[in-house]
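Here is the structure we will look at, set down as structure tokens.
The values are calculated or read from the model by the stated rules, or taken from the named source; none is laboratory data. Computed from a prediction, not measured in an experiment: that's the story for all the values here. Counting neighbours? That spans all protein chains shown, and the Cβs are built from the backbone with ideal geometry, glycine included.
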Ligand code: GLU
């Protein structure tokens, strides 16, 4: 994938699953395409464990996820639960000190303020998947005259920290979905960086991690396309150079609903009982329009055939 920021260097990609259950074919689709893209270009692939949600994340899920990736042949150069590589820890639950440093940096821009509203806070550690419906924050706790009134003091009552967003269009080009334009005031309003209970918001964690880990290309499901503008805004405020983005069609069941943990027949637990790794890789290749017919295919062969121009620009693809 082209990235102006890359200056001809091999790309650094990543797979950033939340270890909240067994992977399904949709997660595998994202992992394979992201892996193929960096391998084709001779780049590096990082495995980051996005376990910010302590209620739903489990170490055993992360270990099983690693086992599933290795079974498929998707090896990583950095990361994982054992923190291989120089940019660790690679599990978000152990990166709180790092997020605190960058929150402080954002505070010093004078664009953050304390918030005691709770409803949106609850959603904040999860990636806000588009289909779940978005909450637009109306600025209830935003101080009068903000942000021109200057930095806000840190209060001694329990509060979340929100970031003011400007009323302007943020534009970028997605590798699959093409040119995009988003006004954060209309899409989400001022967003949470840290919840009142201290939990870190996905948007802050993902930007800090991708930037510090040197990630140059982000490949993930199209349900996160709307998060790009928030992330680009954070890249700008923190002075990081942004990565290239590619969002993929979501893999759907026969009712054209995005796969979930309920579609257990397409979970890796079931798939591994029936298919070989080559059969699953072949399915992914076929769904991604890289292979003209469905047949077993090794990762080396699919890497040869990989071409971003073939990936369909659709919101959903039915699982095969
Ligand atoms: N952790 C998110 C998920 O599993 C992915 C976030 C991202 O790729 O930016 O859906």
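All told, residue 29 meets the bar of being over 24 Å from residue 193 (Cα atoms) and under 15 Å from the mean Cα position of the chain (by Cα). One residue alone among 166, 147, 179, 155 is more than 30 Å from residue 11 (Cα to Cα), exposed (fewer than 12 other Cβ atoms within 10 Å of the Cβ) and away from the ligand (no atom under 16 Å from the Cβ), and that residue is 155. Each residue in the range 67-118 was checked for being without any contact (Cβ under 8 Å) to a residue 40 or more places away in the chain and either more than 18 Å from residue 192 (Cα to Cα) or touching a strand residue (DSSP E or B) at 6+ places or on another chain (Cβ under 7 Å) (or both), and 14 of them qualify.
Of the numbered conditions (1) more than 9 Å from the ligand (Cβ to nearest atom); (2) buried (at least 22 other Cβ atoms within 10 Å of the Cβ); (3) in a helix (DSSP H, G or I), residue 232 satisfies every one except a single condition; which is it? It fails just one condition, (2). Taking the condition within 16 Å of the ligand (Cβ to nearest atom) and at pLDDT 95 or above, does residue 207 pass? So residue 207 passes the test. Candidates 239, 214: the one that is touching a residue at least 40 places away in the same chain (Cβ under 8 Å) and more than 24 Å from residue 20 (Cα to Cα) is 214.
Residue 215 - would you say it is within 11 Å of the ligand (Cβ to nearest atom), assigned to a loop (DSSP other than H, G, I, E, B) and in contact with a strand residue (DSSP E or B) (Cβ under 8 Å, 6 or more places away or on another chain)? Judged against the criteria, residue 215 is a match.
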